[in-house]
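Trainee: The structure under discussion is supplied below as C-alpha cells; questions concerning it will follow.
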There are 4 protein chains.
Amino acid sequence: MQYILKIDCPDQKGLVHKISGILFSHGLNMTENEEFVDKENRHFFMRSEVEGELDKEKVRKEILKILPPEANAELFVKHKKEIVIFATKEYHCLGDLLVRHHFGELNANVKAVISNHETLREFVEKLDIPFHFIPAKEKERHQHENEVLKIVKKYQPEYLVLAKYMRILTPEFTSNFPNRIINIHHSFLPAFIGAKPYAQAYARGVKMIGATAHFVNEDLDEGPIINQDVVQTNHAMDAITMARAGRDVEKIVLSNALKMVFSDRVFVIKNKTVIL
Amino acid sequence: MQYILKIDCPDQKGLVHKISGILFSHGLNMTENEEFVDKENRHFFMRSEVEGELDKEKVRKEILKILPPEANAELFVKHKKEIVIFATKEYHCLGDLLVRHHFGELNANVKAVISNHETLREFVEKLDIPFHFIPAKEKERHQHENEVLKIVKKYQPEYLVLAKYMRILTPEFTSNFPNRIINIHHSFLPAFIGAKPYAQAYARGVKMIGATAHFVNEDLDEGPIINQDVVQTNHAMDAITMARAGRDVEKIVLSNALKMVFSDRVFVIKNKTVIL
Amino acid sequence: MQYILKIDCPDQKGLVHKISGILFSHGLNMTENEEFVDKENRHFFMRSEVEGELDKEKVRKEILKILPPEANAELFVKHKKEIVIFATKEYHCLGDLLVRHHFGELNANVKAVISNHETLREFVEKLDIPFHFIPAKEKERHQHENEVLKIVKKYQPEYLVLAKYMRILTPEFTSNFPNRIINIHHSFLPAFIGAKPYAQAYARGVKMIGATAHFVNEDLDEGPIINQDVVQTNHAMDAITMARAGRDVEKIVLSNALKMVFSDRVFVIKNKTVIL
Amino acid sequence: MQYILKIDCPDQKGLVHKISGILFSHGLNMTENEEFVDKENRHFFMRSEVEGELDKEKVRKEILKILPPEANAELFVKHKKEIVIFATKEYHCLGDLLVRHHFGELNANVKAVISNHETLREFVEKLDIPFHFIPAKEKERHQHENEVLKIVKKYQPEYLVLAKYMRILTPEFTSNFPNRIINIHHSFLPAFIGAKPYAQAYARGVKMIGATAHFVNEDLDEGPIINQDVVQTNHAMDAITMARAGRDVEKIVLSNALKMVFSDRVFVIKNKTVIL
C-alpha cells in the first residue's frame, strides 16, 4: 500500500532524523521524500511517499509526539481525488479537464459540473458527466450560493475547481472549503486583478499575457498562487485575439496546478504555497 | 546608401501603393518593408529600408504630399545611435550594455555614463567610457536634474538609457526627450509598480518574476512598453534570490528593447508601441 | 466578401507597388498585408487579405501578367478548411482538436477521424465525428494505405492532420497531398528523429523536451517545420513522465501550427516554411 | 562554519535516517537538504548544507561506515571555486562571466583566461585578469594541449570553463579533469552536433535555436548535460542573425550551469546529471 505523509511545523534541529526514524522503525520504505525550510517563517515542510503496511492513526500519533505542538501531520492512502467543477460559458479549461478525465489522466474523479448557464450542458453530458444548471439571474447571491452548495454537498468532493466560473464566491461559501477551491484567473496576477483582464492588458499595451491558478480565499484574486505562465503578445493583437491566445495558457496552467494539488504536493503557509 | 523610412498616419485606401510608387519612381529599392494597420485607431504604420541615391527632403516632401495632413514621415540615413546611459549602483544591465558596446554589437555609441553614485566609476572607466558622478544627496530634485541635463546636453544624445537608474525623473526633465528615454523596470508591469518590486513579488508568492523595458513619460512606470519577459520562481526563493534571478531577465529584456529602438522599428501611438 | 491573396516569385523591384496597384484599380481594400523577401533565395512572398467585390480569375490573371513567369499566385475566398484527422491510440492531440472543433474554434471542419486502432472510437463518436477503423495488422503497407486513401478521398479534404498517427506514410501516399499533410512529432527536431523520442531524450539526459509540427514529405521527420516548442525536464523524470509532460507541448504546438496553416499564412520554399 | 555534504550510493532503506543521525549526534544543523533516488539505477543522491563545528575526516568516516561500500561521500567547507576560462574569439560568454566576476557574483575566482587567439586580450586585461595566448597554428594538437596544460596546472583550478573555445580537446587532456570541464555548445543538443550549428539550424529551418552547457568527456558534445534553453527564431533570420540571437541564450545557459556546479549541486551518474 502507498501512503502520503505531509508534515509542516515550526523548524527544529533533527526533524528529518526523528521522522524518518519512526517510519524506519515500522519497516516502512520512503520511496520519495522532499523537505523544505521556509527561513523567513522558520517553518518546516515535508512530503513523503511511504510504502508498506501500517496503522495510519498509530504512526501519525507517534510522529505528532516528536513534533512541536503546532504541527500539522497528515498520513493517508494515495488516492484519486473526488472533485466538482464549476464553469460558466467558456469551454477551453473545462474541455481540457474533461478530456483528461475521460482518458484517466486527471488523477481525479469528476463527480459533476455545475454552471450558471446551460451553454456547456450538451458537451458535458456527451462525456457522461452530470451537469447541473443553477441559474443566478434574479436571485440574491446568497440564495444562489445556497442552491449551489446543496448540490455540491451531495457529491462530497475533496476539491472544487473553478474552470472559468465567472461569478465571485462569498466568504460564507469559500469558508466551507479552506484551501480546497482552485481557480484559474486569466491574468498574470497581481497584474489585472478583477474583471476583463484581457481588455486591461490590451489597453496597457503589454507584450505578454498570462494566467494564474490559485486557491480561493476570502479576497477575490488574492489567494495563494499555485502556478503561473505567460505567452507573448504584440501590437497586432486586440483584446479578443489576446483572449484567444490566453486560453491555451489558462488551460495548461490550471491542469498543471491540479496535477500538483491532486498529488498532495501543495502546502499553504500564510498567503503562499510551498510545492514539494 | 541605406535609408530608413518611417511613416504613420490615419489609414486610407492605397497608401502602400502610393508610397511605393514614389520610391519606385526615384529608382529606389525597398530591401525591407513592413506595414501595420491599427484597426482600433484606424492608423497606418510603415517602416521601409530603402537603398539607392536620393534627395531626402525632396522624397520626403513628395511622400507627405500624398499622405493625410496629420501624417508623420521620417526619412534618414541608417546609422548608429548616440546615447548616454544613466545608472546607480547595480552593474548587470550597464555591464551587459558596455560589453556589447566594447565589441561593436550595440548599434549605438555610448558617449557617457551618468550616475548618482561612484560605485560603477572604476568599471566604466576601465572600458574607456566617460563617467560622470552627479550626487543627488542634499540637493533639490530640480537642481540635481539641471546638473544632469547640463552634462547630457553636452553629448547631444539621441537616446537616454536608464540602466537601473534608481531615481524618478520629473516631467520637466523627461519632456526634453519624448519617446527618447528607455527604462528597465524590474517587474512584469503593471504588476508591482513602484519601489522594491522583488520584495513585493516575494510577499505575494508569485511563481514567475519579470522585467519590462518601456519609454519614460510623465507618469512613473506608465510609459509605452517595448519588451517584457519572465523567469520562473518558486517557494524556495526569497526576495534577494528573486532579485538575482531577475537580473538576467532585466539585462536581456533591456538589450532586446534597445536593439528594436536603435534599428528604428518602434512607433509610439498613444500609450503603446507598434514594433515593425 | 473577404479574399486571401498569396503570391510567391523571384524577387524584383516594385512588386508591392505593381500588385497593390492592381488591387487598388479594382477598388479593393487590403485589410491586412505582409511581405517578405528571402534574401538567400532572392524570393518574394506576399499574403494579403482583400475586401470587396471581385472576379477572382480576372484579378489573378492581371496579377500573374506583371509577375515573373515562375510566380505562384492564389486568390480565393477566405474559408474554413475541410480536414481529415489520422490518429492511433493517443488521445491528447485528437482530444484537443475535437474540443476546439466542437466549439467552432478550429477554423476547420473535421470530416472524419481515421485510425489503425479502435481505441479512440468511443470518444470520437461521442463528439459526433465519423470514425473509421482501418486495421493495419497483417496487411501489406500499400494495401493498408490504399484502404485509407479510399476513405480519405470520399471526404475530399484540403488537409490531413496526423494527430499522433504512429505509422509511416509512403511517398506514394504523401505525394497525393503535397504540403497538405501536417504531422506532430514528439521531439524538438532534428533531435531524436525516428521512434521513441522520449526514451531517447531520457537516455541522453536532456534538460528540455520538445515537439515539432511539420509538413510531411517523402522523408520521415524531414519535412518543412511549421512550429516548435519545448518544456523543461529534470533528472527526476523518466521516459514516461517526460512523455506525459510532452503531451501538452505536442497538442499546443500542433494546434498553433494548424491555426497558421488554416489561415493561409504558411508558404513552403524548398524544405522551409515562411509564415506571414 | 558552513559545510557541503555530497553523497551518492546504491539505494537502501533508511539512508536519510542514518546519515541525519550522524550529523545530529555531532550537534550539527542541516540548513538545507535534498535527496533523490534514481529508480532506474536504484541509486541514492543527497546534498546537505551543514552548519557547526566539525572534524571533516572523522564525520566523513562515520558516514562512510554506514553506507554501502560503493558510496561516494564528500564533506568540505563551502567555498568559492578556483577556475580557468578558455576562449577563442567570441566575447559574449567570456564578457558575461568576467563582468559577474568583477562584481563578485560568480562564486568563483577567475585565475586566468587562455585563448588560441589574441582577439580578447585587451578586454580581459582591462578587467585585470591574466591572459595567455597559446597559438595553435602549425602545431600538432598534442603539443598545443601540452602547452595549455602547463599553464593550467600553474593555477591549480578546480574547474575549467570553455566559454566558446573553438577547439576540440583530446581524451588525453580531458581525462585530467573528469567532470571538471564545463562547455557551452551553441545548439540544443543532441540536435546539430559538431561544427556550425547555427548554419545547420538555418539550413533545417527550425523555429527555435538553443544552447547546451555540459561536462566535457571523451566524446565531443556527448558529455552529461547540465543546462539547456532555447529562443524562438523565424523565417526572416539567417544563420548570422540566428547566431546573434543565440548568444544571449548561450551566455545565460552557461552562467546558470556554473551557478549550479559552483554551488556543488551537480552529481554525475553515467552520462547524466542529477541536480539537487
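The values are calculated or read from the model by the stated rules, or taken from the named source; none is laboratory data. For clarity, every value in this text was computed on a predicted model and none was experimentally measured. For neighbour counting, all protein chains shown are included, and Cβ atoms are generated from backbone atoms with ideal geometry for every residue, glycine included. Note: areas computed on protein heavy atoms with side chains; ligands, DNA, RNA excluded. Shrake-Rupley method; radii C 1.70, N 1.55, O 1.52, S 1.80 Å.
Trainee: Please work out the C-alpha center-to-center distance from the range B:212-231 to the range A:135-158 and express it in whole Å.
Mentor: If we compute the Cα centre of each part, the gap is 43 Å.
Trainee: Here's something else I'd like to know. Setting aside same-chain residues fewer than 8 positions from A:Lys139, which lysines have a Cα under 27 Å from its Cα?
Mentor: Leaving aside lysines fewer than 8 places away in the same chain, those within reach of A:Lys139 are A:Lys89, A:Lys111, A:Lys150, A:Lys153, A:Lys154, A:Lys164, A:Lys196.
Trainee: So, in nm, how far is label B:Asn109 from label A:Glu82 when the simple model puts each one 7 Å beyond its Cα toward the Cβ?
Mentor: For the pair B:Asn109/A:Glu82, the computed spacing is 7.6 nm.
Trainee: For the D and B pair, go ahead and give the buried accessible area with a 1.4 Å probe, both sides summed, in Å² to 100.
Mentor: Working: alone 14250 and 14250 Å², together 26590 Å².
So the buried area, both faces added, is about 1900 Å².
Trainee: Still on this structure: Expressed as an acute angle from 0 to 90° and rounded to the nearest 10, what is the orientation of the C-alpha long axis of helix A:239-262 relative to the principal long axis of chain A?
Mentor: Relative to chain A, helix A:239-262 is tipped by roughly 20 degrees.
Trainee: Could you state the angle between the C-alpha long axis of helix D:141-155 and the longest principal axis of the C-alpha atoms of chain D, as a value from 0 to 90 degrees rounded to the nearest 10?
Mentor: The answer is roughly 50 degrees.
Trainee: Could you list the residues of the range B:33-58 with an amide nitrogen less than 16 Å from a label point located 7 Å from the Cα of B:Met1 in the Cα-to-C-beta direction?
Mentor: Residues passing the 16 Å test: B:49-58.
Trainee: Grab the alpha carbons of the range A:81-275, take their convex hull, and tell me the volume per residue in Å³. Please report the intermediate quantities before stating the final value.
Mentor: Numbers: hull volume 22.5 nm³, N = 195.
Hull volume over Cα atoms, normalised by residue count, gives 116 Å³.
Trainee: In the range B:201-244, which residues give up 50 Å² or more of accessible area once the other protein chains are added, compared with their chain alone (1.4 Å probe)?
Mentor: B:Tyr202, B:Arg204, B:Lys207, B:Met208, B:Ile225, B:Gln228, B:His235
Trainee: Right, another one. How large is the charge dipole for chain B, taken about the Cα centre, if only the Cβ atoms of Lys, Arg (+1) and Asp, Glu (-1) carry charge, to the nearest 20 debye? Before the final figure, lay out each step's value.
Mentor: On the way: 38 positive and 38 negative charges, 34 e Å.
That gives chain B a dipole magnitude of about 160 debye.
Trainee: Mind checking the per residue accessible area of the protein assembly as shown for me, 1.4 Å probe, whole number of Å²? Could you put the intermediate results ahead of the total?
Mentor: Working: 44930 Å² over 1104 residues.
That works out to 41 Å² for each residue.
Trainee: In what sequence, largest accessible area first, do C:Val266, D:Val268 appear using a 1.4 Å probe?
Mentor: Numbers: C:Val266 15, D:Val268 45 Å².
From most exposed to least exposed: D:Val268, C:Val266.
Trainee: Suppose we compare each residue of the range A:104-140 in its chain alone and in the full protein complex with a 1.4 Å probe; which ones drop by at least 40 Å² of accessible area?
Mentor: A:Glu105, A:Phe123, A:Lys126
Trainee: With point charges of +1 on the Cβ of Lys and Arg and -1 on the Cβ of Asp and Glu, referenced to the Cα centre of the range C:119-257, which listed residue (C:Ile226, C:Pro171, C:Val206) lies farthest in the positive direction of the dipole?
Mentor: Result: C:Val206.
Trainee: If you don't mind, there's one more thing I want to ask. Determine the relative contact order of chain D: mean sequence separation of Cα pairs under 8 Å and six or more apart, normalised by residue count, in whole percent. Each step should come with its number before you reach the end.
Mentor: Numbers: 508 pairs, mean separation 41.6, N = 276.
Computed value for chain D: 15 percent relative contact order.
Trainee: Still on this structure, please answer the following. Please state the charge dipole magnitude for the range A:16-97, taken about the Cα centre, from unit charges on C-beta atoms (+1 on K and R, -1 on D and E), reported in debye and rounded to the nearest 20. Before the final figure, lay out the partial values.
Mentor: Values: 13 positive and 16 negative charges, 49 e Å.
About 240 debye.
Trainee: Relative to the present Cα-Cα distance, how much length would full extension add between B:Gln12 and B:Asp219 at 0.36 nm per residue of separation? Write down the numbers at each step before the final one.
Mentor: On the way: separation 207, 0.36 × 207 = 74.52 nm, distance 3.30 nm.
Working it through step by step, the gained length comes to 71.2 nm.
Trainee: Rounded to the nearest 5, what % of the DSSP beta bridges within the protein assembly as shown are antiparallel ones?
Mentor: On the way: 156 of 224 bridges.
Looking only at bridges with both residues in the protein assembly as shown, the antiparallel portion is about 70 percent.
Trainee: Carbon and sulfur: what percent of chain C's accessible surface (1.4 Å probe)?
Mentor: Details: 5660 of 11240 Å².
Accessible surface attributable to carbon and sulfur in chain C totals 50 percent.
Trainee: Now a separate question. Among B:Asn146, B:Phe267, B:Leu120, pick out the residue whose Cα is farthest towards the positive end of the charge dipole of the range B:81-275, where Lys and Arg carry +1 and Asp and Glu carry -1 on C-beta, about the Cα centre.
Mentor: B:Phe267
Trainee: Leaving ligands and nucleic acids out of the surface, order C:Met46, C:Met260 by accessible area at 1.4 Å, largest first. Please report the intermediate quantities before stating the final value.
Mentor: Working: C:Met46 0, C:Met260 45 Å².
Ranking C:Met46, C:Met260 by accessible area, largest first, yields C:Met260, C:Met46.
Trainee: For the pair C:Arg121 and B:Ala195, what calculated FRET efficiency results from E = 1/(1 + (r/R0)^6), where r is the Cβ-Cβ distance and R0 = 60 Å, to the nearest 0.05? Don't skip to the answer; put the middle values down first.
Mentor: Working: r = 60 Å, r/R0 = 1.00.
Efficiency, from the Cβ-Cβ distance: 0.50.
Trainee: Please give the residues from the range A:2-29 for which the solvent-accessible area of heavy atoms, probe 1.4 Å, is smaller by at least 50 Å² with all protein chains in place than with the chain isolated.
Mentor: Residues shielded by partner chains are A:Lys13, A:His17, A:Phe24.
Trainee: Where does chain B land at 222 nm, in deg cm²/dmol rounded to the nearest 500, when only DSSP H runs of n ≥ 4 count, each adding -39500 (n - 2.57), divided by all residues? It would help to have the intermediate numbers written out before the result.
Mentor: Numbers: 8 runs with 90 residues, N = 276.
The per-residue figure over chain B is -10000 deg cm²/dmol.
Trainee: What is the local net charge at C:Ile151, summed over the other residues whose Cβ is closer than 13 Å to its Cβ (Lys, Arg +1; Asp, Glu -1)?
Mentor: Working: positive: C:Lys111, C:Lys150, C:Lys153, C:Lys154; negative: C:Glu145, C:Glu147.
So the surrounding residues net to +2.
Trainee: Would you mind giving the three semi-axes, in whole Å and largest first, of the ellipsoid equivalent to the range D:27-136 according to its Cα gyration tensor? Intermediate results must be reported in sequence, preceding the final value.
Mentor: On the way: eigenvalues 313, 61, 36 Å².
Taking √(5λ) for each eigenvalue gives 40, 18, 13 Å, largest first.
Trainee: Which lysines, on any chain, are close to D:Lys272 with Cα under 17 Å apart, when same-chain ones fewer than 8 places away are left out?
Mentor: Within the straight-line cut-off, D:Lys272 pairs with C:Lys207, D:Lys6, D:Lys39.
Trainee: Taking only Cα atoms, what is the 0 to 90° angle, nearest 10, from helix B:92-102's long axis to the longest principal axis of chain B?
Mentor: Long axis of B:92-102 versus the principal axis of chain B: about 50 degrees.
Trainee: Charges at C-beta only: +1 for Lys and Arg, -1 for Asp and Glu. How large is the resulting dipole of the protein assembly as shown about its Cα centre, in Debye rounded to 20? Display every interim value, and only then the final one.
Mentor: Working: 152 positive and 152 negative charges, 1 e Å.
It works out to roughly 0 debye.
Trainee: A follow-up question, please. Amide H of B:Ala112: which non-local residues (sequence gap of 5 or more, or other chain) have their own amide H closer than 5 Å, using H built in the peptide plane?
Mentor: Here the answer is B:Ile85, since their amide H atoms fall under 5 Å of that of B:Ala112.
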